[in-house]
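One structure is given below, encoded as structure tokens.
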Amino acid sequence: MQRLVELAQYVSIRYTERLSEIGAAASVGSVADSYDNAMAEALNGTFKAELIEMQGPWTGFEQVERAIFQWVTWYNEERLHSALDYLPPAEYERDYWRTQAATPQSA
């Protein structure tokens, strides 16, 4: 019986070969590419530094679950973001959709 890891490696190799045959490029980064998944890794680092490491130690799963929910809500809705002119993401999105609704759409 073939292990799943071996099967995944075979499929990956065959997939890469097929892309090469048809002159297509893979839509994911290469192995050991520092830019591969960089934004997600940066967010994970921020999450770990700001929540997991600074606010521990944790006494149970429920406490961690509640803290994660609160942090994600704060991160997505309330934090000031330099790329958004220091507006919270939720406010920036509200303003964006108000502007879109007020702007006549061309046919």
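The values are calculated or read from the model by the stated rules, or taken from the named source; none is laboratory data. Bear in mind that the values here come from a model prediction, so they are computed numbers and not experimental data. Here the Cβ is made from the backbone with ideal geometry for all residues, glycine too, and neighbour counts use every protein chain on show.
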So how many residues does the range 79-107 have that are assigned to a helix (DSSP H, G or I) and on the phi > 0 side of the Ramachandran plot?
0
Pairs only if they're at least six apart or on different chains, beta carbon under 7 angstrom, first in the range 22-46 and farther than 25 Å from Asn76 by Cβ, second outside any loop (DSSP other than H, G, I, E, B) and at pLDDT 70 or above; list them, first residue then second.
Ala25/Leu19; Ala26/Thr16; Ala26/Leu19
Could you tell me how many of the residues in the range 56-78 are exposed (fewer than 13 other Cβ atoms within 10 Å of the Cβ) and either in a helix (DSSP H, G or I) or without any contact (Cβ under 8 Å) to a residue 12 or more places away in the chain (or both)?
15
